[in-house]
Amino acid sequence: MDKEEEVKRELGKAVNVLNTLENKLTEVMNKKKDFDIMFSESLNKGISAHDLAYFNSYVDVIKKEIINAKEDISKKKEEIGLIKRQLHEAMKKRKIMEKIKENDHEAFMEEEKLKEAKEIDEIVTYMSSKSEGD
């Protein structure tokens, strides 16, 4: 497997992980929104100090989950940026190698034409010297 394909595969995996992390963040944000609604309804009905402490600690946990999810997403985006640069370099190297191969092929074909022209020249020279000698 060549470097370009390897980097493409790595990029695909990183993008899948990023999507998973973004989905996780969305879930946590939805959980917080649902909790905020439930908390608001509980405040309207009246809430005990114990329940209030429980709600506050739960909110802290959700906020930490959101912060962690955002940090994970940010890190993964940086990693994807690095992988994209690696992919760009691999593609550039491949194109350079293709151009070198193309140039080598053209040089080979030119050399073959010169050899062929030389052989034809030698044959013509031989034939003309032979016919002059007859």
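Taken together, the residues in the stretch 32-49 that are closer than 22 Å to Lys64 by Cβ, without any contact (Cβ under 8 Å) to a residue 24 or more places away in the chain and of a type outside the set (A, V, I, L, M) amount to 6.
Here Glu89 does not qualify as surrounded by fewer than 12 Cβ atoms within 10 Å (Cβ to Cβ), acidic (Asp, Glu) and out of contact with any strand residue (DSSP E or B) (no Cβ under 8 Å at 6 or more places or on another chain). The residues of the stretch 21-50 that are surrounded by 12 or more Cβ atoms within 10 Å (Cβ to Cβ) and of a type in the set (Val, Ile, Thr), listed by number, are Val28, Ile47.
Only one of Ile67, Ile62, Ile73 is touching a residue at least 40 places away in the same chain (Cβ under 8 Å), on the phi < 0 side of the Ramachandran plot and part of a helix (DSSP H, G or I); which? Even if it seems obvious, please write down each step before you answer.
On the way: Ile67 fails: touching a residue at least 40 places away in the same chain (Cβ under 8 Å); Ile62 fails: touching a residue at least 40 places away in the same chain (Cβ under 8 Å).
It is Ile73.
Values in this text are rule-based calculations from the coordinates and carry no lab data. If you're wondering where the values come from, they're calculated on a predicted model, not measured in any experiment. Please note: Cβ atoms are built from the backbone with ideal geometry, for glycine as well, and neighbour counts cover all protein chains shown.
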